[in-house]
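Report on the following structure.
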Amino acid sequence: LEDNTADGSSAAQVVVGPALKRRDRLDEVGVVLFHNGAESGSATGRAASGHPAAGVVWLVEQLALQGRRIEAGHIVITGGLTRAVPLAMG
């Protein structure tokens, strides 16, 4: 699948878990994606433009240009780390 932009076209849901205790190494946090019980991808936070915070910095700057900001309680999704997996209904 081709890359998607952050327009909601590729993620209908997201998993949100407890806050990480060590936030200073988000680029080293690993994820494993399973599809139909088989591993279909893995990556670390570096897959998000080198560091997940890079996308947040960009977002903060763009919002500031519009006189807006991220508010407490907002959830920011910094992007997928693994390749997209085609899904079928059923």
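The values are calculated or read from the model by the stated rules, or taken from the named source; none is laboratory data. Bear in mind that the values here come from a model prediction, so they are computed numbers and not experimental data. Using ideal geometry, Cβ is built from the backbone for each residue, glycine included, and neighbour counts are taken over all protein chains shown.
When region 23-75 is filtered for residues that are loosely packed, with under 11 Cβ neighbours inside 10 Å, in a loop (DSSP other than H, G, I, E, B) and hydrophobic (A, V, I, L, M, F, W, C), the ones remaining, listed by number, are Ala72, Ile75. The number of residues in region 20-51 that are among the charged types (D, E, K, R) and at pLDDT below 90 comes to 5.
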